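Read-outs: derived from the displayed coordinates by stated rules, not from any lab. All of these numbers come straight from a predicted model, not from anything done at the bench. Cβ placement follows ideal geometry from the backbone for every residue including glycine, while neighbour counts extend to all protein chains displayed.
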2 protein chains.
Amino acid sequence: MSTSTVWPSATATSRLRPLESPQLQIVDGFWADRLRLNRERTIPHGLDQIRRRGALDNLGLAAGAQGDYQALADSAGFTFPFLDSDVYKWLEAVGWELGRAADSPLATAADEVIAIVAAAQRPDGYLNSYVQVVGGGTPHRDLAWGHEFYCVGHLIQAAVAWHRTVGDDRLLAVAVRAADRIDDEFGPTGRSGVDGHPGIEMALVELTRVTGDRRYLTLAARMLELRGHGLLGHGRFGAQYWQDHQPVRQAATVAGHAVRQLYLDCGAVDVAVELDDHDLLAAVQRRWHDLVRTRTYLTGGMGSRHRDEAFGDPYELPPDRAYAETCAAIASVMLAWRLLLATGDAGYADAIERAMYNGVLAGISLTGARFFYTNPLQLRTLRASDPPGHGERVPWFPCACCPPNLMRLLSSWQQYLATSDNAGVQMHQYATADIQADIAAGAVRLSVRTDYPWNGRVTVHIVQTPDQPWTLSLRVPQWCRSATLIGPGGAGPRAAGEGSVALSRHWQPGETVILDLDLPVRVTEPDPRIDAVRGCVAIERGPLVYCIESADVASDSPLEELRWDPERQPVAVARPDIGDAVVGVNVPVVPPGSTDSSPAATVAGAIPYFAWANRRVQGMRVWIPR
Amino acid sequence: MSTSTVWPSATATSRLRPLESPQLQIVDGFWADRLRLNRERTIPHGLDQIRRRGALDNLGLAAGAQGDYQALADSAGFTFPFLDSDVYKWLEAVGWELGRAADSPLATAADEVIAIVAAAQRPDGYLNSYVQVVGGGTPHRDLAWGHEFYCVGHLIQAAVAWHRTVGDDRLLAVAVRAADRIDDEFGPTGRSGVDGHPGIEMALVELTRVTGDRRYLTLAARMLELRGHGLLGHGRFGAQYWQDHQPVRQAATVAGHAVRQLYLDCGAVDVAVELDDHDLLAAVQRRWHDLVRTRTYLTGGMGSRHRDEAFGDPYELPPDRAYAETCAAIASVMLAWRLLLATGDAGYADAIERAMYNGVLAGISLTGARFFYTNPLQLRTLRASDPPGHGERVPWFPCACCPPNLMRLLSSWQQYLATSDNAGVQMHQYATADIQADIAAGAVRLSVRTDYPWNGRVTVHIVQTPDQPWTLSLRVPQWCRSATLIGPGGAGPRAAGEGSVALSRHWQPGETVILDLDLPVRVTEPDPRIDAVRGCVAIERGPLVYCIESADVASDSPLEELRWDPERQPVAVARPDIGDAVVGVNVPVVPPGSTDSSPAATVAGAIPYFAWANRRVQGMRVWIPR
């Protein structure tokens, strides 16, 4: 039984395969805390907000209830016709949660939501509350901005989660009818149309994987090929905004709206591995590598421009005006995961790690119920006359794509820890977890124990092993300059090289192998082509990017006047005020006005970037002027 | 007869007074060329574009013609209800031109336009083609976004120009009826309302100055006081976007949409000097000084953010994503001029000079018929997949505020050269010009000759003088570190101090005084608080900011890899390829990959920033990494 998001079919040309998610259990430590918070606090908060903001009631109106549609139109005439997707993403998160463990109140709440969704669907399969209630009822009149396919895509993803985890096909029945309605109109012999917001493509591939019906895969492939030929027009921002400027196979670089591009490329990888389409896969890989090299923040954030939530020029990575939408960081994890499965290249796991610990986690508060939409790497102490609360996390957004996206990613996060192939098991992310895998040689059970990311030691116990040789691969993160392997058996400490360590042997139950990742504080120089952070350094430790908040600098030293003191070393320190086990860094700085560091050996306290803005929000910066 | 824009009434508390514009004639040199281009090329091009884009036809529809309204709605639902203002700004430019010299074809073309405007006005005085033709006909239903007052403001400004220059009151009659219609509804005992886009306030003050009817001044003052109390709501961008977050007298800093703020403050100065309102004037001055110190580009550009065309945080001045709208630079000239008249502080003339030679002039091509809306200080050689032509000037814009704004400013530019007060004449800007002034002592005539800005020598001949002492003041620009005064009579060279030189004497006809401004190439360090250009220098000479374009660097040296070589000196050189008399600068750079400048003494050619993007557009940068 497949119980994971992204489940390539048996014939797919994926290099690695996901494990079934019940076989992956995060049991303690950094991620266990966050997953518990997501389940117990964030997801209930999400349903509360979805109710308050009208997203659930909108579907109720489509189902026949009376009331006013809540599309959050502002006085400039903007409306948000895509609020159904918030409901679907929340349902997807609940689906993964119920797969991890039963939860009666959550299941009961979801039952009500599912019933409303099912009731909202028209007899012809069409489902979009905006069009049905206030949009005149005629489907697909505004593919560019209407988000109708996009919403169905999220409906399908929710349905897939419920099918795979708890075998509940109520949503799947709705999703199949909705997809069939689209296929009837837009299938191979039908109308040519693509959505202004990609996303349905990857969902349709999953729907084929779940149902076995290849029509959906065919439709996804068709939508990919149709894009890039001007079907969407130029809109406000130009055809590149929705990746309609060049065919998906040909575009050399990412372009336009970051989330749109990343979701599109997720679908392209899914189609490519199902159809053994090397050209399509290569096109995505080419774009990805250019993206990581030229347009990715240190935090893994992507998409620097506010105006159109878009990728900027190469090396246009301003820290202050970084858009770095939480959803883009999430989408980068989704895409890197697909590319990791397709190719087996550990570099994609590095990208997942960087994005998760920094760009993604920064999007949610330590209390689990306040969010950031954009994730800048600098906030000035003195700011423009913005509305009150600017720079602070909020409980929800009028356009609320990010919070439920965080929920569904965190609910499925354990899936990203490890994979298998015929030869063995690959560990990509480190967490205290119990892992089972059925490989060709037989059943493997591993028990992983670690205080990662605070400590670099990862201990893997072999709990069960086939009586045949197999290979255990352990990723050595790209940031790690010194990794040591100890064991199994009496094997002494030895250096582990870059990329990943592959241990092929006839394993015995009870054996242990230790990967010791050295994680000193690192002082990172930016690429000299990034104009906006010239003359600065950043602090990193392990997978974590650090930042300095105003609260951790002396009151007579405005954040904007701090200068890095290269003569002294940064020092890792415990920061219990930020959280249990949290390691901060004391950063040597030159006091304002000083030209010499010796008179006053000043330090500023840096904390992990993901933890910023959980105290009173004043200034923050990742990049520190030298 | 007043023949100038901004003509404070006799009782106004202005420190300086404008000269009547026929008394100011630019006769040769840098500005004569640009004014001729504006008159002969840009303004006819403007009418052609206004016709093509439908702005004139829209008014024709309001006057009863048949056809489709052209509001340039895009598929995101954006419409532009303010295209009437393009027509009015064009008419204003023509008004100033006809005041400078008769032009029969231009006058004939304008006659047709004026007739259409007059015919479009409703019997009740209301005039707005958008509302009349497609907006349902009910005025003032959407003050936040409708731009109805804003358009009337521009109508008034055009009417004032025609009244003052050629005594033609056809537009004035229309403007008075339109203003009366607004006053009837929004006057002292009427509805409380302000426009989402300020601008009408300064126009209403001018209308009082022209008509003597103080109702308009009262209405302007009322609108200023009403703003800042939440009448407009939060819109998409928050109340600060339209300066409705704090009362005009209280806001300590500029905020929100840059052009809106600057137009608002123009009106505030106009009201303040007419009503002797020191507090109001002081509020504007306070904002201005903060703006110049913390939010102004080296080019005089203002408003760094694309998303809402807004001022950013203090020192948020990215060169690549500079919005620096052409209209904002123009508005800064309008505001600085008002503050100069109000206070006599030469620093405002410095600001006008910096903005005009850089931020404003960069907005129009050397051929006079292509424009920039935004004026970045950096364009990368390799760019995002933007629509073709990104970074290039275009003949017009869907939202075409900037081109006709340039036209009206250039048509009235001679007005900004000099002022008078009871004691004498003040020269603020240097151009080869003939100047008359009627001061208390009697009539003064000056003949100014200069090759400014290429050469720093300014020769002022006294052509006519009263037989009494008076004071000639000559501004010493803030950028000038060494100014020498020679004459009058046999007076030998002597240093001229900062600010301005005041020569009080009993002048004789035929006397000459020479101001010699030393203009070596300057290497400018940025304020260290501007994060985005840390570690860079800029090149300036006289009032001009320079930039390096890809066309002027060796083909094996990408612009992005150039580094300033501090060991060698920049050198001024003739650049006849850019234009007659143009002085460029050869900038010493370290070749890419080199760590030592000696092996290859490389230079990159810098040209005045205003002249960029007149060749094939590749990369450009003002700030050069050290």
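Fewest neighbouring Cβ atoms within 10 Å first, the residues A:546, B:452 line up as B:452, A:546. Across the protein assembly as shown, Cα-Cα pairs farther apart than 64 Å form 15% of the total. Within region A:441-500, the trypsin sites (Lys or Arg not before Pro) that combine a DSSP coil assignment with at most 13 other C-beta atoms in a 10 angstrom radius are A:481.
Positive contributions from Lys and Arg (+1) and negative ones from Asp and Glu (-1), summed over other residues with Cβ under 12 Å from the Cβ of residue A:365, come out at +4.
Scanning chain A for long hydrophobic helices, with DSSP H runs required to stretch 15 angstrom or more by C-alpha along their axis and to average at least 1.0 on the Kyte-Doolittle scale, returns A:104-120, A:326-343. For the pair residue B:293 and residue A:390, a Förster radius of 22 Å applied to the C-beta separation gives a FRET efficiency near 0.55, rounded to the nearest 0.05.
Taking the DSSP beta bridges in chain B as the whole, what percent of them are antiparallel, to the nearest 5?
Antiparallel bridges make up about 95 percent of those DSSP assigns within chain B.
Placing a pseudo-label 7 Å from each Cα along the Cα-to-Cβ vector at residue A:229 and residue B:574 gives an inter-label distance of 5.8 nm. When you filter the GluC sites (Glu not before Pro) in region A:535-579 for DSSP loop state and at most 14 other Cβ atoms inside 10 Å of their Cβ, you are left with A:567.
Taking the Cα centre as origin and putting +1 on Lys and Arg beta-carbons and -1 on Asp and Glu beta-carbons, what dipole magnitude results for region B:419-517, to the nearest 20 debye? Walk me through the numbers on the way to the answer.
Details: 7 positive and 8 negative charges, 51 e Å.
Result for region B:419-517 is approximately 240 debye, rounded to the nearest 20.
For region B:522-625, the relative contact order is 34 percent, taking Cα pairs closer than 8 Å that sit 6 or more residues apart in sequence and dividing their mean separation by the residue count.
Evaluate the Kirkwood expression for the hydrodynamic radius of chain A, namely the inverse of the mean inverse distance over all pairs of different C-alpha atoms, and round to one decimal in Å.
25.1 Å
Projecting the Cα atoms of A:297, A:336, A:312 onto the charge dipole of region A:213-349 (Cβ charges, centred on the Cα centre) puts A:312 farthest toward the positive pole.
Here the spin labels are modelled as points 7 Å beyond Cα on the Cα-Cβ line, and at residue A:494 and residue A:279 they lie 4.6 nm apart. According to the calculation over all Cα-Cα pairs in region A:495-623, the P(r) per 5 Å bin from zero is 2, 9, 17, 18, 17, 12, 8, 6, 5, 3, 2, 1, 0 %.
Could you grab the relative contact order for chain A? Cα pairs under 8 Å, six or more apart, rounded to a whole percent. In percent, rounded to a whole number, it is 13. Here each label is just a point 7 Å from Cα along the line to Cβ, and for residue A:32 and residue A:502 those points are 3.3 nm apart.
Count the DSSP beta bridges whose two residues both fall in the protein assembly as shown, then state the antiparallel fraction as a percent rounded to the nearest 5. If I count the DSSP bridges inside the protein assembly as shown, around 95 percent turn out antiparallel.
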